[in-house]
Amino acid sequence: MNKVILMGRLTADPELRTTPSGISVTTIRIAVNRRFARQGDPVTADFIDVVCWRQTAEFVSRYFTKGRMIAVVGSLQTRKWQDRDGNNRYSTEVVADEAYFTDSRKDASAAGVDTPARSAPRDPQGDMGAPMGGYTPASRGDFEEVDDGDELPF
């Protein structure tokens, strides 16, 4: 199984590009804080390259900016390439299937970014339609009391 879930801050504004065949792509780098730091030491971060394709690339480039918190779900991929001198080089990156907002709307508004209420996971059938899924908090809070008559439904 090859599944990666990361949450971190963008190190630069995403830049949307298009392949010669017309497919949208953007590469971002996110700073992911390490879980633990020795007492007295500063928190350290890993800088991870993430590639987004199609609808996810368009979503990320439209709604995210440098410093915004993002969560990505995808898979790890290693590529082999040659540099200008003909030496073999390897790159490891995350290919994002889904991208989600993880900071508050209040933080986004303070940064001057208009964010939709939904996230844009990749459509497995390749449909380039409207964003699917995501989480929209209820206006009265995340939970609502339900009167079940003290009976369990199962």
- Of ARG17, ARG38, ARG9, which residue is free of Cβ contacts under 8 Å to residues at least 12 places away in the same chain, over 18 Å from ASP97 (Cβ atoms) and surrounded by 10 or more Cβ atoms within 10 Å (Cβ to Cβ)? ARG17
- Sort through THR136, THR65 and tell me the only one that's in a loop (DSSP other than H, G, I, E, B), at pLDDT below 95 and touching a Lys or Arg at 6+ places or on another chain (Cβ under 7 Å). THR136
- Note on the structure: Flagged in the range 79-98 as of a type in the set (Gly, Ala, Ser), out of contact with any helix residue (DSSP H, G or I) (no Cβ under 7 Å at 6 or more places or on another chain) and surrounded by 10 or more Cβ atoms within 10 Å (Cβ to Cβ), in numbering order, are SER91
- Query: In the range 66-76, is there at least one residue being without any contact (Cβ under 8 Å) to a residue 60 or more places away in the chain, touching a strand residue (DSSP E or B) at 6+ places or on another chain (Cβ under 6 Å) and of a type in the set (Val, Ile, Thr)?
  - Reply: no
- Item | the range 5-24, subset of a type outside the set (A, V, I, L, M, F, W, C) and outside any loop (DSSP other than H, G, I, E, B), residue farthest from VAL72 (Cα to Cα) | THR18
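The values are calculated or read from the model by the stated rules, or taken from the named source; none is laboratory data. Quantities reported herein were computed from a predicted structural model and do not represent experimental measurements. Note that each Cβ is placed from the backbone with ideal geometry, even for glycine, and that neighbours are counted across all protein chains shown.
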